[in-house]
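Below you'll find the structure, written out as structure tokens, and then a few comments.
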Amino acid sequence: MRILALLISLIYPACAGHGAHGLPMPGLMDMAHLARPASPNTALAAPAGFIPAPDIVTPVYPVPAAVLFAAIQAVATGQARTFPQADFAVQMQADWVVRSAVFNFPDLVTAQVQPHGGHASTLVLYSRSVYGYSDFGVNHKRVQAWLAALAARLPQTAQR
């Protein structure tokens, strides 16, 4: 562990952990009743009409929910300093911890996939900081990067 991260961990204990260690295991998140904090350290991508209003509107993906869920899990696996934390496969929801490069700050990312009609599905992607008031746009950039990686991973017909 870097010296700066070690010093920071004296104030913020979860910074001393590796991966998801040092953070409580999350339960299944009720996305229908998502309450975002007033602080600007979260980012939400969700379908149009989602409440609360998303920062980024996600499309209806013309792939079955199981395909979209597997694709977002593969995207997360390919991200630097990203560690699985919880997987609720039946509900098609998963959680990851993403650690910052210098201070080892943990951020949390939750993805929820929902079937949408026949062979289509929707995605809610919620990234948020564990510590601090502002994240300097890190969570928003992360959500954008994950969505771009997801678009590149899905078949061309899914990128409408």
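The values are calculated or read from the model by the stated rules, or taken from the named source; none is laboratory data. In this text, all values refer to a predicted model and were calculated from it rather than measured experimentally. Cβ sites come from the backbone with ideal geometry, for glycine too, and all protein chains shown count toward neighbours.
Let's see how each residue does on (1) without any contact (Cβ under 8 Å) to a residue 40 or more places away in the chain; (2) out of contact with any helix residue (DSSP H, G or I) (no Cβ under 8 Å at 6 or more places or on another chain); (3) surrounded by fewer than 20 Cβ atoms within 10 Å (Cβ to Cβ):
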{"residue": "Val90", "(1), (2), (3)": "yes, yes, yes"}
{"residue": "Asp95", "(1), (2), (3)": "no, yes, no"}
{"residue": "Asp107", "(1), (2), (3)": "yes, no, no"}
{"residue": "Val113", "(1), (2), (3)": "no, no, no"}
{"residue": "Leu123", "(1), (2), (3)": "no, no, no"}
ask   = Is it the case that Ile56 is in contact with a helix residue (DSSP H, G or I) (Cβ under 7 Å, 6 or more places away or on another chain), surrounded by 15 or more Cβ atoms within 10 Å (Cβ to Cβ) and within 30 Å of His21 (Cα to Cα)?
value = no
note = Within the range 95-129, of all residues that are touching a Leu at 6+ places or on another chain (Cβ under 9 Å) and over 21 Å from Ala46 (Cα atoms), the one modelled with the highest pLDDT is Pro106
request  = Mind listing just one residue for me: the one in the range 1-40 that is modelled with pLDDT of 75 or more and over 30 Å from Val90 (Cα atoms) and, of those, surrounded by the most Cβ atoms within 10 Å (Cβ to Cβ)?
outcome  = Pro40
